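In what follows, a structure is listed as structure tokens, so that the remarks can point back to it.
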Amino acid sequence: MKVMISEDDFRVAELHAQFLRVVDGVEVVGKALNAEETLEMLEEQQPDLLLLDVYMPDQLGVDLLHDIRSNAPQTDVIMITAAQEKEVVEKALKYGVFDYIIKPITMERFQKTIESYQERKNRMSQIDTFDQATVDQLIKSSNETAATSITVPKGIDPLTLEKVEGMLSNAGGSGLTAEQASAQMGASKTTARRYLEYLISIGKGKAEMNYGKVGRPQRKYYKR
């Protein structure tokens, strides 16, 4: 499956590319940094899927949807953007985007969307005639993917969150204190605690009080 990324921040574009590399059967065929490059690259690459941002320097991504539908009708679109305005979301949905993901995103949410899209595409390629039950199943699958949108709150960076989660996994049964996590992250103790507590809030971590022989009890964090 050929996927193209349209994102004006090259660092974010590379992050999306990294997310895609862990999904089987996906090839990143290009990264466009503005609207003009997006349309040119679409014509050249003819991708199956376009990951499209809204805020680009020369034109809003959502305003490209008409041209994309006209010039690359075979290309499906997933919006990945910080845009939350009603009119932007409504316009994207009216043009039939497969999903609309609000930044910042988690790798888990990203992968779920891509895999759901792959599943729908594979299913449609294997069927010549659709009965009502099959159509209902396809629409239900798309709606369920959109309904499970998972975003991280302000102050939580997805890459850092992934790193902290990996630290907890590596710590195993020994767990980590906020101070130990802080040292490994190269960040303040307050920042480390914020990420650790967030992992607890989404069910990926747990905490226990460690009562040592001397001194104050310490809160230790473990991978759930």
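The values are calculated or read from the model by the stated rules, or taken from the named source; none is laboratory data. As the structure is a computational prediction, the values presented were derived from the model and not from experiment. Because the Cβ atoms are built from the backbone with ideal geometry, glycine has one as well, and the counts that use them run over all protein chains shown. Just so you know, the surface numbers come from the protein's heavy atoms only, side chains and all, with ligands and any DNA or RNA stripped out. Shrake-Rupley method; radii C 1.70, N 1.55, O 1.52, S 1.80 Å.
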Open item on the list: Can you report the number of residues in the range 1-49 which are over 16 Å from Gln59 (Cα atoms) and among the polar types (S, T, N, Q)?
Closed with: 3
- [ ] Any residue in the range 4-19 that's under 18 Å from Asp76 (Cβ atoms): show its pairings with residues that are among the basic types (Lys, Arg) at Cβ separation under 6 Å, as long as the two are six or more apart or on different chains.
- [x] Ile5/Lys31
Task: Members of the range 160-219 found to be aliphatic (A, V, I, L, M) and modelled with pLDDT under 85, listed by number - done: Ile202, Val214
Open item on the list: Of everything in the range 94-112, what is touching a Pro at 6+ places or on another chain (Cβ under 8 Å) and either charged (D, E, K, R) or part of a helix (DSSP H, G or I) (or both)? Give them in sequence order.
Closed with: Met107
Open item on the list: Being surrounded by 13 or more Cβ atoms within 10 Å (Cβ to Cβ) and touching a Ser or Thr at 6+ places or on another chain (Cβ under 6 Å): is that true of Lys204 here?
Closed with: no
Open item on the list: Need a quick list: helices (runs of 4 or more DSSP H) entirely within the range 1-85 having at least 3 residues that are over 25 Å from Leu159 (Cβ atoms) and either open to solvent by 10 Å² or more (accessible area, probe 1.4 Å) or at pLDDT 95 or above (or both).
Closed with: 35-45, 65-71
Open item on the list: Kindly evaluate Lys91 against the criterion of being under 29 Å from Met79 (Cβ atoms), modelled with pLDDT under 85 and not in a loop (DSSP other than H, G, I, E, B).
Closed with: no
Task: Residue list for the range 83-134, filter: under 23 Å from Ser70 (Cβ atoms) and of a type in the set (A, V, I, L, M, F, W, C) - done: Ala83, Val88, Val89, Ala92, Leu93, Val97, Phe98, Met124
Open item on the list: So for the range 100-119 (the condition being free of Cβ contacts under 8 Å to residues at least 40 places away in the same chain, over 18 Å from the mean Cα position of the chain (by Cα) and open to solvent by 50 Å² or more (accessible area, probe 1.4 Å)), does at least one residue qualify?
Closed with: no
- [ ] Among the candidates Ala192, Ala187, Ala181, Ala171, single out the residue that is assigned to a loop (DSSP other than H, G, I, E, B), free of Cβ contacts under 8 Å to residues at least 60 places away in the same chain and either open to solvent by less than 30 Å² (accessible area, probe 1.4 Å) or at negative phi (or both).
- [x] Ala187
